[in-house]
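Report on one structure; see the data block that follows.
No value in this document is a laboratory result; all are computed from the given coordinates. The shown structure was predicted, so the numbers you read here are calculated from the model rather than taken from an experiment. Ideal geometry is used to build each Cβ from the backbone, glycine not excepted, and the neighbour counts take in all protein chains shown.
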Amino acid sequence: MTTPAPHELDLTAEQMRALGHRVVDLVVDHLHEQRNRPVHRRVEAGEVDHVLTEPVPEDPADPAGLVDFLAAEVLPRSLRLGHPGCFAFIPSANNFLGVLGDLLASGFNTSPGAWFVGAGPAAVEQVTARWLAELLGMPAGTGGVFTPGGTMANLTAVAAARYDRLDDDAADAVLYCSDQTHPAVLRACRVLGLGDSPRVLPSTGHRLDPDLVRREVDSDRRAGRRPFLVLANAGTTNTGSVDPLPELARLCREHDLWLHVDGAHGAAASMTTRGRAALVGLDEADSVVIDPHKWLFQPYEIGCLLVRDPATLHRAFALGRFRAQAGYLDLARPAPGEVNLSDHGVQFTTAARALKLWLSFKGFGVAAFRAAIDRGLDLAEHAADLVQRSHELELLAGPSLGILCLRYRPRAADGAADLDAIQARIAETVNQGDRFMIATTDVDGRRALRLCTINPRTTPADVDSLVVDVLEAGRALE
Ligand SMILES: *Cc1c(COP(=O)(O)O)cnc(C)c1O
């Protein structure tokens with residue numbers, strides 16, 4: 001084959017295959033060797049200056065060398081979120097079939113947004129959303145859209161609800177949520193022009209109190225404001241807590257409010273028996289967000305919004321209403337029976353995100369996903385058990401949906417011990433080793449160590465070692 005001319009931005013087939021194999025090898029090595037690498041190393045300021053200060057690369061360089069540079073100098077300078085010792089944030093244990101789904105999506109560079117453009121990927125998107133709805137126990141007819149993540153999925157939900165309940169007029173709109181709501185969700189409300197709208201209510205036991213919501217709704221209605229939405233959490237990021245969904249659903253029915261559930265972290269647990277019990281009432285929501293790039297083990301980015309009545313999405317987002325001089329889109333106008341998914345959300349061109357979820361669901365089988373989620377629930381219960389059996393540890397929250405918060409109590413604790421500072425020092429010590437990464441957080445004003453145990457490749461023995469490290473770090477402070 002002849003060498004492509006520079007303007008073609010092309011490689012020979014042989015070069016592509018050789019480079020592709022090299023990249024696949026690097027990814028496989030990364031995934032297989034994660035456990036033996038440090039979970040994290042802090043990158044000092046200045047350490048990436050050789051990346052930051054590079055001039056514009058006018059001339060070509062050997063792509064294999066560049067791939068190696070990324071693999072050696074760039075990618076390892078990251079927290080290994082899929083490391084079995086990573087308990088901080090929401091760990092992200094991706095899977096190789098998901099990786100390949102993304103490779104296919106970007107290689108074929110199709111877009112499911114318009115049926116005319118990407119009917120096949122659109123069909124995969126629709127069926128995968130239907131599977132998710134079914135797996136979460138949502139009623140038949142539920143539909144949805146895929147998004148870059150939970151933030152955009154929540155934004156899409158609130159925008160759809162505003163359109164549906166307020167005729168898109170944000171004046172005097174009020175929505176209700178607890179102080180455990182994810183800050184990115186509150187920011188999304190601000191982006192929608194609802195910045196002053198959220199009544200961020202104090203939580204009771206980390207849960208939204210339906211009676212408090214009822215009182216607020218009554219008083220807002222009396223004051224002439226327009227309540228339209230309750231934004232409930234199904235698995236807060238901080239403690240994994242779940243708002244009382246059945247009571248909130250009843251309240252929403254009585255007061256004609258949209259019930260939206262942010263299950264970005266927790267909704268996936270509904271696929272298991274224990275999770276379904278913890279998330280009872282999820283099926284009564286008008287909309288639910290789930291983040292497959294969290295507890296469904298997909299590579300970033302993929303979020304999903306599921307809506308009980310998908311026609312509400314079409315009413316809120318159909319592009320026809322906005323078409324100015326866009327005759328060029330006539331070619332992509334859907335015929336009866338066809339769906340343009342870009343009419344159901346905020347994005348126009350989208351990556352074929354659902355391919356990775358489709359490929360991993362089918363390749364591993366959903367039963368394996370249930371087992372993987374169950375493993376995360378088991379690990380949290382195991383950790384909680386260790387905490388409760390220790391005289392030096394105290395459980396502050398959970399275990400709930402794979403998250404627990406605990407605290408070290410010195411054996412000789414007198415009133416003067418600064419327990420908050422002790423937790424921070426313990427986390428620092430533990431995180432300085434190569435094996436574990438844990439976060440601290442505040443639980444009812446008290447500093448705690450927070451563990452999220454949803455990586456299915458983490459073992460009970462890993463949790464045992466972590467608890468040993470926490471105890472040793474704590475004792476060393478005495
Ligand atoms: C992660 C998370 C979000 C934000 O989702 P992104 O995918 O990071 O955009 C929102 N809500 C909850 C409960 C989350 O755990």
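As an exercise, identify the chymotrypsin sites (Phe, Trp or Tyr not before Pro) in the range 65-126 lying in DSSP coil whose Cβ has no more than 16 other Cβ atoms within 10 Å. It would help to have the intermediate numbers written out before the result.
On the way: sites: F69, F87, F89, F96, F108, W115, F116; in loops: F87, F89.
Listed in order of number, the matching sites are F89.
Computed over the Cα atoms of the range 65-181, pair by distinct pair, the Kirkwood hydrodynamic radius stands at 18.4 angstrom. From the P(r) of the range 59-126, can you give the percent of Cα pairs sitting at distances over 16 Å? Percentage above 16 Å: 69. Extension gain for the segment R333 to S219, taken as residue separation times 0.36 nm less the Cα-Cα distance, is 36.4 nm to one decimal. Label reach from A72 (point 7 Å along Cα→C-beta): in the range 1-38, amide nitrogens under 15 Å belong to 26. For R276, neighbours were defined as the other residues whose beta-carbon sits under 14 Å from its Cβ, and their charges (Lys and Arg +1, Asp and Glu -1) total -2. Legend: helices of the chain (whole DSSP H runs) are marked when their alpha-carbon atoms reach 30 angstrom or more along the helix axis and their mean Kyte-Doolittle hydropathy is at least -1.0; marked are 366-389. Can you bin the range 432-474 into rounded, prolate or oblate? Criterion: square roots of the alpha carbon gyration tensor eigenvalues sorted a ≥ b ≥ c, rounded for a/c under 1.5, prolate for a/b above b/c, oblate for the rest. Since a/c reaches 1.5 but b/c is at least a/b, the shape of the range 432-474 is classed as oblate. An ellipsoid equivalent to the range 148-307, defined through the eigenvalues of its Cα gyration tensor, has semi-axes of 24, 18, 13 Å when rounded to whole angstrom and sorted largest first.
Each other residue within a Cβ distance under 11 Å of S219 adds +1 if Lys or Arg and -1 if Asp or Glu, for a net charge of +3.
Multiplying the residue separation of W131 and R37 by 0.36 nm and removing their Cα-Cα distance gives an extension gain of 30.2 nm.
Once a ≥ b ≥ c are taken as the square roots of the eigenvalues of the Cα gyration tensor of the range 114-166, is the result rounded (a/c under 1.5), prolate (a/b larger than b/c) or oblate (a/b not larger than b/c)? List each step's numbers first, then the result.
On the way: a/c = 1.82, a/b = 1.30, b/c = 1.40.
Judged from the Cα gyration tensor, the range 114-166 comes out oblate (a/c at least 1.5, b/c at or above a/b).
Taking each residue as 0.36 nm, the span from F348 to S106 lengthens on full extension beyond its C-alpha to C-alpha distance by 85.5 nm. Quotient of the Cα radius of gyration of the chain and 2.2 N^0.38 Å, N being its number of residues: 1.06. For a paramagnetic label modelled on V366 (point 7 Å from Cα along Cα→Cβ), amide N atoms under 14 Å away belong, within the range 94-133, to 127-133.
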